[in-house]
Amino acid sequence: MSASSSSGTTALVTGASGGIGAATALSLAAEGMNVALVARRKDRLDELAERIRSEGGNALAIEADITDQLQAAGAVAQAVKAYGRLDVLVNNAGVMLLGPVESAPVEEWDRMLAINVQGLLYTTHAALPHLLAAAAGARGTADIVNISSLAGRAPIGGSAVYSLTKHGIGAFSEALRQEVSGRHVRVSLIEPGPVATELFTHIRPEVLAASAEAFADATLLHAEDIADAIRYVVTRPARVVMSELLIRPDASQW
């Protein structure tokens, strides 16, 4: 089996209840992968899993808060128990709580650090032994895909802590790549520009109103655009490693 032959392999997607995560789950299921859907909103996961099954795929809905290490590890264990293996981990869960540092609610910083960074670390740590085992098998590789952001490359005022978390993901991804690439686990960093998802709905109304002008005429990417890129990355032959992929919308302001 090669990486481009995905039938029977298993992918776990965090933040799968909407946006990029849901689109990625649909895309990977269409590729023939078993898909473990991980998020806190079980009702949405159940709906997505049912849709995947109705389209001939295999999906498992796993309710978990990955900011809790035991729940993150439990989600990975459930996926492996259900499907017997884990070949692809997509660390997509994240929040974007923008605003100036001055007078910022510190609990927003805590939330971003917990989800964007600690959740990714916990899930990766739990998944890594299974990914290494899969890479040693017939497929010849396994994949960790970490979803960062254009903000991880080019921070702007009002995104200080969000950008910090995304820069951190980039640093972690590169160091991990060096640790595991010799054992055929590929680590890929995906850096989307602005995507039309519910991330914007998490921003405090006063901050969103202040930045509305900047986004008024902006071209936004779609969740499916990022899902398509993820699908491409994890279906390359084992000899091909897409270490970093920056995806911009067709607009000069980005």
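The values are calculated or read from the model by the stated rules, or taken from the named source; none is laboratory data. The shown structure was predicted, so the numbers you read here are calculated from the model rather than taken from an experiment. When we count neighbours, we look across all protein chains shown, and the Cβ atoms used for this are built from the backbone with ideal geometry, even at glycine.
Among the residues of region 166-193, just one is part of a helix (DSSP H, G or I), of a type in the set (S, T, N, Q) and within 20 Å of Thr24 (Cβ to Cβ), namely Ser173. Filtering Ala36, Ala23, Ala77, Ala73 for residues that are in contact (Cβ under 8 Å) with a residue 40 or more places away in the chain, of a type outside the set (Lys, Arg) and over 20 Å from Ile147 (Cα atoms) leaves a single hit, Ala77. Only a single item in (1) at pLDDT below 95; (2) out of contact with any strand residue (DSSP E or B) (no Cβ under 8 Å at 6 or more places or on another chain); (3) of a type outside the set (D, E, K, R); (4) outside any helix (DSSP H, G or I) is not met by Val240, and it is number (1).
Taken across region 26-42, residues that are buried (at least 17 other Cβ atoms within 10 Å of the Cβ) and either farther than 28 Å from Ala133 by Cβ or touching a Phe, Trp or Tyr at 6+ places or on another chain (Cβ under 7 Å) (or both) do occur, with at least one present.
Under the condition of being touching a helix residue (DSSP H, G or I) at 6+ places or on another chain (Cβ under 6 Å) and either modelled with pLDDT under 95 or buried (at least 20 other Cβ atoms within 10 Å of the Cβ) (or both), the residues counted in region 47-65 number 7. Inspect region 70-81 for any residue being more than 24 Å from Ala133 (Cα to Cα) and either among the β-branched types (Val, Ile, Thr) or buried (at least 24 other Cβ atoms within 10 Å of the Cβ) (or both) and give the result as yes or no. For region 70-81, residues more than 24 Å from Ala133 (Cα to Cα) and either among the β-branched types (Val, Ile, Thr) or buried (at least 24 other Cβ atoms within 10 Å of the Cβ) (or both): absent. Screening Ala227 with (1) surrounded by 19 or more Cβ atoms within 10 Å (Cβ to Cβ); (2) touching a strand residue (DSSP E or B) at 6+ places or on another chain (Cβ under 6 Å); (3) at pLDDT 95 or above; (4) aliphatic (A, V, I, L, M) gives one miss only, at (2).
Rundown of residues vs (1) modelled with pLDDT under 95; (2) closer than 27 Å to Arg239 by Cβ; (3) touching a helix residue (DSSP H, G or I) at 6+ places or on another chain (Cβ under 7 Å), yes/no style:
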position	(1), (2), (3)
Thr124	no, yes, no
Leu128	no, yes, no
Thr165	no, no, yes
Ile190	no, yes, yes
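Where helices (runs of 4 or more DSSP H) fall entirely within region 29-119, those with at least 3 residues that are within 16 Å of Gly19 (Cα to Cα) are at 42-54. With the structure loaded, tell me whether Leu86 is under 16 Å from Pro129 (Cα atoms), surrounded by 20 or more Cβ atoms within 10 Å (Cβ to Cβ), touching a strand residue (DSSP E or B) at 6+ places or on another chain (Cβ under 8 Å) and not hydroxyl-bearing (Ser, Thr, Tyr) or whether it fails that test. Yes; evaluated as a whole, the condition is true for this residue.
In region 94-122, the residue that is surrounded by the most Cβ atoms within 10 Å (Cβ to Cβ) out of those that are of a type in the set (Val, Ile, Thr) and closer than 17 Å to Ile66 by Cα is Ile115.
Remark: Thr10 falls outside the filter, which requires a residue to be over 25 Å from Arg139 (Cα atoms), buried (at least 17 other Cβ atoms within 10 Å of the Cβ) and at pLDDT 95 or above.
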